[in-house]
There are 4 protein chains.
Amino acid sequence: MCRWLAYSGAPILLSEALYAPAHSLIDQSLHSRLGAETTNGDGFGVGWYGEPDTPGVFHSTAPAWNDENLHELADHVSSGHFFAHIRAAIGSAVQQTNCHPFRHGRWLFMHNGYINEFNTLKRDLVLAVDPQLYPEIKGQADTEVLFYLALSLGLEDDPLGAIARAIALIEDAAARLGVPDPFQGTVATTDGETMWAVRYASAGSARSLYYTTDVPTLRELYPRRQLFAEVSDNARLIVSEPLGDFAGVWNEVPEGTSAIVAPDAAILRPFRPRAPVTTVPIT
Amino acid sequence: MCRWLAYSGAPILLSEALYAPAHSLIDQSLHSRLGAETTNGDGFGVGWYGEPDTPGVFHSTAPAWNDENLHELADHVSSGHFFAHIRAAIGSAVQQTNCHPFRHGRWLFMHNGYINEFNTLKRDLVLAVDPQLYPEIKGQADTEVLFYLALSLGLEDDPLGAIARAIALIEDAAARLGVPDPFQGTVATTDGETMWAVRYASAGSARSLYYTTDVPTLRELYPRRQLFAEVSDNARLIVSEPLGDFAGVWNEVPEGTSAIVAPDAAILRPFRPRAPVTTVPIT
Amino acid sequence: MCRWLAYSGAPILLSEALYAPAHSLIDQSLHSRLGAETTNGDGFGVGWYGEPDTPGVFHSTAPAWNDENLHELADHVSSGHFFAHIRAAIGSAVQQTNCHPFRHGRWLFMHNGYINEFNTLKRDLVLAVDPQLYPEIKGQADTEVLFYLALSLGLEDDPLGAIARAIALIEDAAARLGVPDPFQGTVATTDGETMWAVRYASAGSARSLYYTTDVPTLRELYPRRQLFAEVSDNARLIVSEPLGDFAGVWNEVPEGTSAIVAPDAAILRPFRPRAPVTTVPIT
Amino acid sequence: MCRWLAYSGAPILLSEALYAPAHSLIDQSLHSRLGAETTNGDGFGVGWYGEPDTPGVFHSTAPAWNDENLHELADHVSSGHFFAHIRAAIGSAVQQTNCHPFRHGRWLFMHNGYINEFNTLKRDLVLAVDPQLYPEIKGQADTEVLFYLALSLGLEDDPLGAIARAIALIEDAAARLGVPDPFQGTVATTDGETMWAVRYASAGSARSLYYTTDVPTLRELYPRRQLFAEVSDNARLIVSEPLGDFAGVWNEVPEGTSAIVAPDAAILRPFRPRAPVTTVPIT
């Protein structure tokens, strides 16, 4: 049920993060170890920041492991801030408009997990989306609705607060409609400068989430490893599952926790859904 | 803005209707004469009835003229009742879930035309869809919403009445939201036995629509033409534009008219939108 | 490295063989047990015989497990003779022209395995293809070249002999060019009436191959099982790996063996490559 | 039968050349004015030079006008040297491996036109390709064979000479095999610094070809036009047909002519096929 990767730091070729690691995201598309499914072959997406104001996105319905265009793009595009996502579809169609990351203006959003019994909840959730934003919804994925709910609830001003309110709204609708365990997963969003990630499940344990140790510490741990010498001091990866087995590199984000990775800081905080502070206009 | 074809009669290979005619639907995908666009290359769809209870559908995002699988299917599948549609997208994504014909149970539905300023109207129209049916909407095409509105308004019991009510509902929402010329086009639906088609525009002239002369008359007109000798007495085509130039074969459906083609009869009737008789439950 | 299925018997819906079984070919596209790879997600193909003279083929680059058109086709097309193949690409592009089964006139051909170091051998092998047939080669898969070699060496008159000669030719070229273990796999071909299959490896053990017990015996073994009551007496499946775990249903084809399944007989025979009896004209 | 564009100059976003002009290449994919076909919807390709050693290529089977990923790429990737090509297939499959530009090391190659009766000539031409290069041929397009012939005949050392020798070889094979009018079209190749283009037909008039006036002259002609103020002095486009109607901007390359566009010079020279100077080793 999907795997993802988020990078922030000095610009690198996308392929250094997507293809080079031993257990890269591309490898995970065929052989995920920690995911709900070992195969994540129902399309993929990449979103990257560069010169123009909004990020570029590349979405494909092909499996990441056999898409030549992804390989070309990753080998020839550099970015200091990018998201990548591989999909294992559970119900919604394999089409580009259902591929993560989703984009709105400068924002990207992606998710590993699900809204439970989405077909039961969908109409109520879509009704809670700001009618001005509603026409922008292009696909049928639960994550896209979650993104537009969070945008309707203030994502651009308060990303973690808006995600908390959106999940609270989902849990509220689920309680009303008798849907158990409404939300599961990890979420990431970014404005191109800061990355926010959340690990949370309404019930039971949430999908796995990891972040990398700061680069100066990694350099001390592995003084001879060229990669750590090359990347910038503030480079960070947040990932669904580790890209390799090096001790000291990967740190688990605890359940019910949010992570903020900015150019000059990385912070973990407890996360729990919150009822929307202001009433959402539902017409 | 799309072209379509509907066939009813004794079973024939799909290719006899789709590829064989001089100005076939496949030819129209590159060189439409009467359509709003000469190129209809944004995907296509075929729906056909055979042994099992529900019709099969084949949707592709490739242009009809270069899709090898369509050619194979058409050359190897026979049916006595089928729909085919080629798409010229105007706004919604080129993806299989936006390809006509749409299907619900035994019913197929397709459309050439548009709901004007669909993004402005979409939320109101979607709200008017029966909440039980709402989760079935898989794409973002205006036609799919029109289909689910008509289903919500009784399509399965009274196809033409339900289409009239659905268009009335669209025109009503458009009047409320200040959208001019809300509906344009030709629509076809079938339950696998009878075909119903409508030609209507809220303003100005509607997209073209033609039906074939009855086969016994065609045989008298063209006694040496093998095709007319072979097809069944009750075979009929309804099409967006004629598939060739034979005099006496193609008859225009007048504007504001519906056509009913059943195994034993073909009837034209005036058509105009009607306000829904019963109140639609909007929650 | 691919899995395949071949059916011969009274007509059934393709989905009864492709989707219904517990460990169906569709399931094997995600979770192959006996294949070289657990995932066979690099496209698929189906070839089926019906009314017209030549078989229809449907090829797709999507994984079989998420292709809606395959599901539709399988649910609405019946055939008494069909091939299906799921692909795990090892080198050649994921494109329809590399998908099995390959077709020439009334013949279909498919393969699970490989020609070792194909890039080293390809030019010599292609040169051995009948120049009249050469322009028909549409893709770059090793199997397509094997098929055209076999056609050049008399497949249409003596299928097993031609396959034996083609593999001998490959082994000869490999010996000349220093390529070890040149051929590996299982091969199936048919003219729409009889199916011929081969299990052979130049070195080591060959890919797995199974065929079903005759239906009358299965009915005695499983008197209450509806499926065995419904299928025809002479129905047979030949498969890369069993579609389920029923005792007594699946029989392994030994290594170095060919199987012939005709409407009235099923025969196993030893198989080994044979040098071409007549000189192949190489210009 | 295809249209193409080649740009060299200071880096610009690909979209400035591909989408912005009034009669852009994207517009030509639907409405070519000078091409053999008005619709060029059988896939497309882009090749661009940036940081790494070899150019990136992006190939798609979708029509250029509806491919979202092309739009994204063009809006977010800048390059000072790129090729773009839209395809109207005439015989070979619509697949990525048949999309131009083709790549070998640092070289790109594309073509508008055809090798006449390619199926008749193909085997002889493929035999003339350097056996070391032969396994690199990935598709079935005539242009790819032309490229590998030119590479075999010294393209990397003498591009125009190698193209002349390759066309001579094609014309020679055609004469031997009775194929009339063997070569038609325009060809472009580049090593990432210089662009070489050829306009030539064995018989009759060749496909159209244009290049832009030097930028300093354009600035004098159109002192208020922002675009000409922004692009670098040495920026040049070579195109199948003009991207707009501005007087003084587009200059026709005469028939039987080659164009060389280097950072500091642009030269036209007569072009005619030449028999290969050295014998090609045909085994």
* Which value in deg cm²/dmol, rounded to the nearest 500, describes the helix-derived mean residue ellipticity at 222 nm for the protein assembly as shown, given -39,500 (n - 2.57) per DSSP H run of n ≥ 4 and division by the residue count? -> -7500 deg cm²/dmol
* Given springs between every Cα pair under 10 Å in a Gaussian network model of chain C, which of C:ARG207, C:ARG33, C:ARG103 has the largest fluctuation? -> C:ARG33
* **In degrees, nearest ten, helix D:118-127 long axis to first principal axis of chain D (Cα)** => 80
* To do: Over chain B, calculate the relative contact order: mean separation of alpha carbon pairs under 8 Å at least 6 apart, over the residue count, as a percent.
  => 21
* To do: Check the straight Cα-Cα distances from D:LYS138 and name the lysines below 17 Å, setting aside those fewer than 8 residues away within the same chain.
  => C:LYS122, C:LYS138, D:LYS122
* Mind checking the log10 I(q)/I(0) for chain B at q = 0.10, 0.12 Å⁻¹? Debye, one equal scatterer per Cα, no solvent, two decimals. -> -0.47, -0.69
* Under the Karplus relation 6.51 cos²θ - 1.76 cosθ + 1.60, θ = phi - 60°, what is the ordered set of whole-Hz ³J(HN,Hα) values for region D:207-214, x standing for Gly and Pro? -> 3, 5, 7, 9, 9, 7, 4, 4
* Asked: Per residue of C:28-34, what is the mean number of Cβ atoms on other protein chains within 10 angstrom of that residue's Cβ?
  -> 1
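Where the only charges are on Cβ atoms (+1 Lys, Arg; -1 Asp, Glu), what is the dipole of region A:148-283 about its Cα centre, to the nearest 20 debye?
Dipole of region A:148-283, to the nearest 20 debye: 280 debye.
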* Please list the radius of gyration and Dmax for region A:167-283, considering alpha-carbon atoms only, with Å as the unit. => 17.6, 61
* **Average beta carbon contacts from partner chains per residue of B:67-74, 10 Å cutoff** => 5
* To do: Could you state how much accessible area B:THR97 has, in square angstrom rounded to the nearest 10, with a 1.4 Å probe and all protein chains kept in place?
  => 20
* Quick one: compute the contact order of region C:79-218, relative version, from alpha carbon pairs under 8 angstrom and 6+ residues apart, as a percent. => 25
* To do: For region A:86-126, just say rounded, prolate or oblate: build the C-alpha gyration tensor, square-root its eigenvalues into a ≥ b ≥ c, call rounded for a/c under 1.5, and beyond that prolate if a/b exceeds b/c, oblate if not.
  => oblate
* Structure fact -> Of the candidates B:ASN66, B:PHE109, B:GLY50, the farthest towards the positive dipole end of region B:49-127 (Lys/Arg Cβ +1, Asp/Glu Cβ -1, centred on the Cα centre) is B:PHE109
* Asked: Quick one: putting +1 on the C-beta of Lys and Arg, -1 on the C-beta of Asp and Glu, what dipole do you get for chain A around its Cα centre, in Debye to the nearest 20?
  -> 560
* **Rounded to whole Å, sorted largest first: equivalent-ellipsoid semi-axes of region B:108-234, Cα gyration tensor** => 34, 17, 11
* At a probe size of 1.4 Å, how large is the accessible area of B:ASP245, to the nearest 10 Å²? -> 130
* Can you give the angle from 0 to 90° between the axis of helix A:142-152 and the longest principal axis of chain A, with both taken from C-alpha atoms, to the nearest 10? -> 80
* **Heavy atoms of C:ASP124: accessible area, 1.4 Å probe, square angstrom to 10** => 50
* **Solvent-accessible area buried by pairing C with D, both sides, nearest 100 square angstrom, 1.4 angstrom probe** => 1500
* Structure fact -> Connecting every pair of Cα atoms under 10 Å apart in chain A and solving the GNM, the largest mean-square fluctuation among A:VAL198, A:VAL261, A:VAL215 falls on A:VAL215
* If one computes the Cα centroid of region B:62-109 and of region A:1-36, what distance in Å separates the two points? -> 37
* To do: Would you be so kind as to identify which of A:ILE260, A:PRO242, A:THR212 lies farthest towards the positive end of the dipole of region A:202-283, taking Lys and Arg as +1 and Asp and Glu as -1 on Cβ and the Cα centre as origin?
  => A:ILE260
* GNM, chain B, Cα, under 10 Å: largest mean-square fluctuation among B:GLY244, B:GLY161, B:GLY47? -> B:GLY244
* B:GLY256's amide H: which non-local residues (gap 5+, or another chain) put their own amide H closer than 5 Å, with H modeled 1.01 Å from N in plane and none for Pro or chain starts? -> B:ARG199, B:TYR200, B:ALA201
* If you wrap a convex hull around the C-alpha atoms of region A:1-76 and split its volume per residue, what is the figure in Å³? -> 97
* To do: With a ≥ b ≥ c taken as the square roots of the eigenvalues of the C-alpha gyration tensor of the protein assembly as shown, please select rounded if a/c is under 1.5 and otherwise prolate if a/b is larger than b/c or oblate if it is not?
  => rounded
* Averaged over peptide A:94-102, how many Cβ atoms belonging to another chain are found within 10 Å of each residue's Cβ? -> 4
* To do: For region A:184-201, take each phi angle, set θ = phi - 60°, evaluate the Karplus expression 6.51 cos²θ - 1.76 cosθ + 1.60, and give the result in whole Hz per residue in order, putting x for glycine and proline.
  => 9, x, 10, 10, 9, 9, 7, 9, x, 10, 10, 10, 10, 10, 9, 10, 7, 9
* Asked: Going by alpha carbons, how many degrees (0 to 90, nearest 10) lie between the helix axis of B:159-177 and the longest principal axis of chain B?
  -> 40
* Structure fact -> Residue-ordered couplings for region B:52-62, obtained by feeding phi - 60° into the Karplus form 6.51 cos²θ - 1.76 cosθ + 1.60 and rounding to whole Hz (Gly and Pro as x), are x, 5, 9, x, x, 10, 10, 10, 9, 8, 6
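The values are calculated or read from the model by the stated rules, or taken from the named source; none is laboratory data. Fair warning: this is a prediction, and the values are worked out from it, not measured in the lab. Every residue, glycine among them, receives a Cβ derived from its backbone with ideal geometry; neighbour counts consider all protein chains shown. Ligands, DNA and RNA are stripped out before the accessible areas are found, and what is left, the full protein with its side chains, is counted by its heavy atoms. Shrake-Rupley method; radii C 1.70, N 1.55, O 1.52, S 1.80 Å.
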